[in-house]
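Q: Sharing a structure, written as structure tokens. Questions coming.
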Amino acid sequence: MFEFFIGKKYHKTKKSLSFINVINKISVVGIAIGVATLIVVLSVFNGFREISTTLMTEGEPHLTVQTANDSEDISKYLKKSEFVDLFYKFEEGKVLFGNEEHFEIMNLILIEDSIFRSKQLIYNKLSEYDTIFYGGNLAISFYSAIEMNLQVRDFVQITSFESLENSALTFSIPDITTLQIRNIYFSRNASLFKNYIFASSNLASEIFPDRNRNTQSIAVFLINLENANEFKNQLSAKFPDANIKTWNDNHAQILNVMKIEAFFAYLLLSLIIAVAAFNILTSLTMSVQIKKKDIAILRSLGVTRKGIRNIFLFEGLLNGIKGTSWGFLLGLAIYFVQKYFQVYKLDSSKYILDAMPVSISFWDLPAIVLMSVFLSFISSYYPAKKASLTNIIESIKWE
Amino acid sequence: MSVLIKASQLVKEFKSANKSIKVLKNIDLTINKNDRIIIYGASGAGKSTLLNILSSLDFPDSGKVEFEEIDIFSKTDDEISAFRNQNIGFVFQFHHLLPEFTALENVAIPMMINGISYKNAMKKAEKMLHKVNLSDRFSHKPAELSGGEQQRVAIARALINSPKILFADEPTGNLDSENSKIIQDLLLDLHNKLDLTVVIVTHNSELEKIGNRIIKMEDGNIFEIS
Ligand SMILES: Nc1ncnc2c1ncn2[C@@H]1O[C@H](COP(=O)(O)OP(=O)(O)OP(=O)(O)O)[C@@H](O)[C@H]1O
Ligand SMILES: [Mg+2]
């Protein structure tokens, strides 16, 4: 391809005109900075998104399945599935919880004793009076303990909303269950930390006495969180009557907001590249001006208008590609240094993390490279098009 | 004797702000295969303008140029470009080599434009430079060559695609008599060896000797002298 052959040569040999050369360098360096910035910033966005996803979902089931009559079949299916790490039945309900001094509205979750301690729930126990949380006993979060001035061994009262409602309708005294706090846990999941308490599933009929227990809820933890949607589809194909929700459904809004934020960051930072690429337009326009005679000669030798346009497109694009490559390497270098040496630290008294989290999402890289090359193309196109319209006779006369 | 180019009723006018000059006034000219046409005339007579139109670099305001019976200007721009690349060679007064490329690359470029690979084009270019006695200047840039050498490279470039006709606009206009003689001999030699049709515009009376037809141009008209 002779257009590339000539364009490459023009790209290389501009030393004679230092001004063009300087503008060229500015465009290459600018594009490199833009590309590197994009890679780093998007990887930080991504890092924070991953961390917050982890935090939001820590201890939260990846899927919850509600079913009226399939519960045994579903359990069998879950037991066999290679996606599933852990699953258990649970009951859930709003309760009023407290003692004579304080009370709070909480979500109470009733699960089997053994499940509470399984690793997937990661409720780090701060204090444990009783290693096993069984029979009439209760686990609350460290947050609630501080808020309500409670300690292990304290007794608290629990009344479900259902029985409060019932008593209001029937003018009777609501059922109150007294439980002893046996466990105080810690969780990085803010919602779990602030709004939940746990008790043994043995208490179900005592706390929620009027419940119709035909419908059962099953919590599912997968080996890989990312498979949640796929597994949901699999499951609902198999059990169409079951009502299945994924962690994604519960957090869709915040996850979308984070994605939109990252997208706008991408667009905004592309402006850096656009500004840098604009220098290609300047330097290429000058280059075309200087090469008018060359263009006329090439035309006289039989190069078509399109051929001339391509020569200068290549010349300009090579700047873009050069800048993009350097920026790509620089961005990746910064990314790896941060990832493995944590150069940029965070104040760990304010943040849960001690260093800026970075994570590259695979499709960001082609998106950045394509944007950069596209912008270089756009700014090369106008001068290249102009070059192709050069008048042969007028330009060849000059000497 | 077969006709290569037939130009009829060529008119070219240049209009500037207040007046217009008719540079070609209804010119008819037939160029036969294997002709060696020498065109001379005063400065401003319109010689270059005529040559540019005959060689498809420029358009007439009216009139026709037929090349092997095909009207050149009825073609599209892309077709004319390809036509020029394959059928026409140019040598200008100033060498008009591309300054950033070596002598060899300059010669090879018309072949590459025609779609020949770099490697094959360079091989053929070596042969062409050999023919113009520049075997030892392959990797020199134009600026590193003498005027005569530059013009010989330009001739090699003009002929690499084996064109049917070579147009030269004052090829020795910028050279001393010694170098002019070299170019003159070379053109004659190549004409004989390559079975080439040549049209040369010149002020050089020595060069007129190599022509089989001499045309004088005066004020936009041509007169065939012999
Ligand atoms: N683009 C143009 N605009 C206006 N006038 C032009 C243009 N090109 C050529 N001319 C005029 O046309 C006339 C013929 O020009 P041309 O270059 O053909 O002359 P020439 O015979 O080749 O002269 P020389 O021997 O000096 O090269 C000249 O008077 C010139 O001023
Ligand atoms: Mg002239």
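The values are calculated or read from the model by the stated rules, or taken from the named source; none is laboratory data. Just so it is clear, the structure is predicted and the values come from calculations on it, not from any experiment. Glycine gets a Cβ as well: all are built from the backbone with ideal geometry, and neighbour counts include every protein chain shown. Accessible surface is based on the protein model in full, side chains and every heavy atom, while ligands, DNA and RNA are left aside. Shrake-Rupley method; radii C 1.70, N 1.55, O 1.52, S 1.80 Å.
Q: I'm told B:Ser43 meets every condition in (1) within 16 Å of ligand 2 (Cβ to nearest atom); (2) of a type in the set (Ser, Thr, Tyr); (3) open to solvent by less than 60 Å² (accessible area, probe 1.4 Å); (4) over 19 Å from B:Pro163 (Cβ atoms) except one. Can you identify the failing condition by its number?
A: (3)
Q: Now a separate question. From the list A:Phe142, A:Phe87, which one is touching a helix residue (DSSP H, G or I) at 6+ places or on another chain (Cβ under 9 Å), modelled with pLDDT of 85 or more and open to solvent by 70 Å² or more (accessible area, probe 1.4 Å)?
A: A:Phe142
Q: Could I ask something else about it? Looking at A:Ser372 and the list (1) in a loop (DSSP other than H, G, I, E, B); (2) within 28 Å of A:Val28 (Cβ to Cβ), which single condition is not satisfied?
A: All conditions pass for A:Ser372, except number (1).
Q: Looking only at the stretch B:65-76, decide whether some residue is facing another protein chain (nearest Cβ under 9 Å) and open to solvent by 10 Å² or more (accessible area, probe 1.4 Å).
A: There is no residue in the stretch B:65-76 that is facing another protein chain (nearest Cβ under 9 Å) and open to solvent by 10 Å² or more (accessible area, probe 1.4 Å).
Q: B:Ser56 - would you say it is open to solvent by less than 70 Å² (accessible area, probe 1.4 Å), without any contact (Cβ under 8 Å) to a residue 40 or more places away in the chain and within 8 Å of another protein chain (Cβ to nearest Cβ)?
A: Judged against the criteria, B:Ser56 is not a match.
Q: Okay, next question. Regarding the stretch A:229-239, can at least one residue be identified that is in contact with a helix residue (DSSP H, G or I) (Cβ under 7 Å, 6 or more places away or on another chain) and open to solvent by 100 Å² or more (accessible area, probe 1.4 Å)?
A: For the stretch A:229-239, residues in contact with a helix residue (DSSP H, G or I) (Cβ under 7 Å, 6 or more places away or on another chain) and open to solvent by 100 Å² or more (accessible area, probe 1.4 Å): present.
Q: List the pairs whose first member sits in the stretch B:72-101 and is touching a residue at least 40 places away in the same chain (Cβ under 8 Å), whose second member is assigned to a strand (DSSP E or B) and open to solvent by 50 Å² or more (accessible area, probe 1.4 Å), and whose Cβ atoms are under 9 Å apart, counting only residues at least 6 apart or on separate chains?
A: Nothing qualifies.
Q: Next question. For B:Arg84, only one of the following conditions fails: (1) surrounded by fewer than 23 Cβ atoms within 10 Å (Cβ to Cβ); (2) facing chain A (nearest Cβ under 9 Å); (3) touching a Ser or Thr at 6+ places or on another chain (Cβ under 7 Å). What is its number?
A: (1)
Q: Collect the residues in the stretch B:1-23 that are β-branched (Val, Ile, Thr) and touching a helix residue (DSSP H, G or I) at 6+ places or on another chain (Cβ under 8 Å), keeping them in residue-number order.
A: B:Ile5, B:Val23
Q: Of everything in the stretch B:17-28, what is open to solvent by 10 Å² or more (accessible area, probe 1.4 Å), away from every other protein chain (no Cβ under 14 Å) and either within 9 Å of ligand 1 (Cβ to nearest atom) or in a strand (DSSP E or B) (or both)? Give them in sequence order.
A: Residues satisfying the conditions are B:Ser20, B:Ile21, B:Lys22, B:Lys25, B:Asn26, B:Asp28.
Matching residues to (1) open to solvent by less than 10 Å² (accessible area, probe 1.4 Å); (2) out of contact with any strand residue (DSSP E or B) (no Cβ under 9 Å at 6 or more places or on another chain); (3) not in a helix (DSSP H, G or I):
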residue	(1), (2), (3)
A:Val303	yes, yes, yes
A:Lys306	no, yes, no
A:Phe312	yes, yes, no
A:Asn319	yes, yes, no
A:Gly323	yes, yes, no
A:Ile334	no, yes, no
A:Tyr340	no, yes, no
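Q: In the stretch B:40-55, which residues are more than 13 Å from B:Val199 (Cβ to Cβ) and in a loop (DSSP other than H, G, I, E, B)?
A: If the condition is that a residue be more than 13 Å from B:Val199 (Cβ to Cβ) and in a loop (DSSP other than H, G, I, E, B), then B:Ala42, B:Ser43, B:Gly44, B:Ala45, B:Gly46 are the ones that fit.
Q: Quick check on my filter: what residues within the stretch A:342-363 are within 17 Å of the chain's Cα centre (by Cα) and either crowded, with 18+ Cβ neighbours inside 10 Å or hydroxyl-bearing (Ser, Thr, Tyr) (or both)?
A: A:Met356, A:Pro357, A:Val358, A:Ser359, A:Ile360, A:Ser361
Q: Another one. Please go through the stretch B:121-130 and pick out each residue that is open to solvent by 30 Å² or more (accessible area, probe 1.4 Å) and under 18 Å from the mean Cα position of the chain (by Cα).
A: Hits for the stretch B:121-130: nothing passes.
Q: Have a look at A:Ile176, A:Ile197, A:Ile181 and point out the one that is modelled with pLDDT of 85 or more, β-branched (Val, Ile, Thr) and closer than 27 Å to A:Ile244 by Cα.
A: Sole residue among the options that is modelled with pLDDT of 85 or more, β-branched (Val, Ile, Thr) and closer than 27 Å to A:Ile244 by Cα: A:Ile197.
Q: Now for a different question. Given the structure, is B:Lys216 charged (D, E, K, R) and within 16 Å of ligand 2 (Cβ to nearest atom)?
A: Yes.
Q: Name the residue that is most open to solvent (accessible area, probe 1.4 Å), counting only residues in the stretch B:193-226 that are more than 16 Å from B:Ile38 (Cα to Cα) and away from ligand 1 (no atom under 16 Å from the Cβ).
A: B:Lys193
Q: Moving to a separate point now. Just give me the residues in the stretch B:91-120 being facing chain A (nearest Cβ under 9 Å), assigned to a helix (DSSP H, G or I) and open to solvent by 30 Å² or more (accessible area, probe 1.4 Å), in sequence order.
A: Selection gives B:Tyr118 alone.
Q: Need the failing condition index for A:Asn243 against (1) more than 23 Å from the chain's Cα centre (by Cα); (2) open to solvent by 90 Å² or more (accessible area, probe 1.4 Å); (3) closer than 20 Å to A:Ile109 by Cα; (4) not assigned by TED's automatic domain parsing to the domain that holds A:Ile109, just the number.
A: (2)
Q: Considering only the stretch A:1-25, how many residues are crowded, with 18+ Cβ neighbours inside 10 Å and more than 14 Å from chain B (Cβ to nearest Cβ)?
A: 2
Q: Moving to a separate point now. Could you say which residue among B:Phe167, B:Phe138 is of a type in the set (Phe, Trp, Tyr) and within 30 Å of B:Ala42 (Cβ to Cβ)?
A: The conditions single out B:Phe167.
Q: Would you tally the residues in the stretch A:93-110 being open to solvent by less than 80 Å² (accessible area, probe 1.4 Å) and not small (Gly, Ala, Ser)?
A: Final tally of qualifying residues: 11.
Q: Condition check: within 12 Å of another protein chain (Cβ to nearest Cβ) and in contact with a Ser or Thr (Cβ under 7 Å, 6 or more places away or on another chain). Does A:Thr324 satisfy that?
A: no
Q: Being open to solvent by less than 10 Å² (accessible area, probe 1.4 Å), within 16 Å of ligand 2 (Cβ to nearest atom) and assigned to a strand (DSSP E or B) is true for just one of B:Ile5, B:Ile37. Which residue is that?
A: Going through B:Ile5, B:Ile37 in turn, the sole match is B:Ile37.
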